[in-house]
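Data block below; observations after.
The values are calculated or read from the model by the stated rules, or taken from the named source; none is laboratory data. This structure is a prediction, so every number in the text was calculated from the model and none was measured. Backbone-built Cβ (ideal geometry, glycine too); neighbour counts: all protein chains shown. For the accessible areas, the whole protein counts, side chains as well, though only heavy atoms, and no ligand, DNA or RNA atoms are used. Shrake-Rupley method; radii C 1.70, N 1.55, O 1.52, S 1.80 Å.
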Amino acid sequence: MSEVTHTVRRAVIMAAGMGNRMHPLTLTTPKPLVKVNGIRMIDSVVDGLKANGINEIYVVVGYLKEQFYDWAKDKDGVTVIENPYFDTCNNISSLYAAREHLEDSIILDGDQIINKTKILDPHFTLSGYNAIWCEGETDEWLMQVEDGIVKSCSRTGGSHGWQLFSVSRWSSEDGRTLKELLELEFEKNQRKDVYWDDIPMFLHPDRFKLGIRIMNSEDIMEIDSLEELQKIDSNYLKINN
């Protein structure tokens, strides 16, 4: 087993998006605050972080931001950060808004369900993403890994690789590098249309040595549409998009 050399000290939760694929629910409620079987998606994320001793939590908001301020009132350790570019830029703008908090961090989305809190363990050796082995075809981002090191990533998917999930850890050094490159790409190069993950995976892979955190498909649940939500929670079956 690899020696643990880093510990997550803070979390950045991405929660600024509009969740268009979950209309009409998200016309009035931001997607991370939608309840799934009685629990808000973002609550499963925050509870999982705190169960692992990660209590310094930054939530980046944009769409219907006022609802997050109300939600955060009784959440110790949670700080809301506004992304003023959420409706005109891709999610690189959200991480740019939180760029001062990337050292020794875990970055994850607020619109997912954490079923196994162990996947948010704060101890790690190499920066990198949670991943599951994908034997068959997928259209999700797929990484090729050799000797524990990420060698390449396909944004169009494939087979026989490690599917990337939006849970990632960053050492102090890599967090500083990520901040530097966010400022370069978002400010100087005006890259407003890319995912922040493009920076370590495609734009500047030579600046990082990334590993993976292996997990199982049932450990986390990503809900992308109203139809997927209805399959999980029958309370929404009467709603049409």
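With a 1.4 Å probe and all protein chains left in place, how much of the accessible area of the chain comes from carbon and sulfur atoms, in whole percent?
On the chain, the fraction of accessible area on carbon and sulfur atoms equals 45 percent.
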Residue-normalised value, i.e. accessible area per residue, for region 152-195 at 1.4 Å probe, in Å², stands at 46 Å²
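What does the charge count near residue 29 come to, summing +1 for each Lys or Arg and -1 for each Asp or Glu among other residues with Cβ under 12 Å from its Cβ?
0
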Charge tally for neighbours of residue 215 with beta carbon under 13 Å away, counting Lys, Arg as +1 and Asp, Glu as -1, is 0
Once both label points are put 7 Å beyond Cα along the C-beta direction, the residue 125-residue 67 separation in nm becomes 4.2 nm
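Would you mind telling me the antiparallel percentage of the DSSP bridges in the chain, rounded to 5?
Working: 25 of 44 bridges.
Percentage antiparallel, nearest 5: 55.
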Here Rg/Rh (Cα, Kirkwood) for region 24-166 equals 0.98
Along the dipole axis of the chain (charges at Cβ: +1 for Lys and Arg, -1 for Asp and Glu; origin at the Cα centre), the most positive-end residue among 234, 27, 156 is 27
Residue span residue 35 to residue 100: 0.36 nm per residue of separation minus Cα-Cα distance leaves a gain in nm of 20.4 nm
Computed on Cα atoms, Rg of the chain relative to 2.2 N^0.38 Å comes out at 0.97
From the cross-link list 50/118; 50/73; 31/192, the entries with a Cα-Cα span beyond 20 Å are 31/192
Among 124, 64, 181, the residue whose Cα sits farthest towards the positive end of the charge dipole of the chain (+1 at Cβ of Lys and Arg, -1 at Cβ of Asp and Glu, taken about the Cα centre) is 64
A student asked for the Cα radius of gyration and Dmax of region 123-241 in angstrom ought to give 16.7, 49
Percent relative contact order for region 45-151, counting Cα pairs under 8 Å at least six residues apart, stands at 27 percent
Mean Cβ-within-10 Å packing, highest first, puts peptides 111-122, 87-98 in the order 87-98, 111-122
For region 1-91, percent of DSSP beta bridges that are antiparallel (nearest 5) comes out at 15 percent
Taking the chain and counting helices only, DSSP H stretches of n ≥ 4 at -39,500 (n - 2.57) each over all residues, the nearest-500 ellipticity at 222 nm comes to -5000 deg cm²/dmol
Taking Cα pairs closer than 8 Å and at least 6 residues apart, the relative contact order of the chain in percent is 25 percent
Expressed per residue, the solvent accessible area of region 16-149 in Å² (1.4 Å probe) is about 44 Å²
